[in-house]
Amino acid sequence: MIVASRSLLSFLLACSLQFILGFSDDSPGSKDATKTEAHTHSTRSMIVILLIVLVVFSLLSFLLFKLWRKKKREEQYARLLKLFEEDDELELELGLRD
């Protein structure tokens with residue numbers, strides 16, 4: 001599952017980078033250095049923000065999965081205890097145990 005999520009994460013990152021870089025309005029004839037620096041800075045800041053969002057999303061998904069597993073485990077344990085309690089009552093009713 002971790003391998004699948006890593007590959008999905010890398011795929012989404014690659015697609016988003018292509019999407020961000022596709023909006024580049026650098027033309028081959030423009031030589032304005034300040035415009036290029038500003039564009040590079042905004043692109044880098046977008047990439048950093050995107051990476052932070054992806055990391056936070058991944059951590060949140062992981063924590064929610066862990067909580068879900070813990071809840072399921074507790075429910076199964078409660079069902080197991082209930083099952084054994086019912087068996088004890090059944091044995092007493094049948095007189096198999098004093």
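Bear in mind that the values in this text are calculations on the coordinates, not laboratory data. What you see is a predicted model; the values in this text were computed from it and never measured. So basically every Cβ, Gly included, is an ideal-geometry build from the backbone, and we count neighbours across all protein chains shown.
General observations
- Length available on full extension from residue 18 to residue 62: 0.36 nm per residue minus the Cα-Cα distance, which gives 13.2 nm.
- Model label points for residue 47 and residue 11, set 7 angstrom from Cα along the Cα-to-Cβ axis, are 2.3 nm apart.
- Extended-chain gain in nm, criterion 0.36 nm per residue less alpha-carbon gap, residue 75 and residue 40: 7.4 nm
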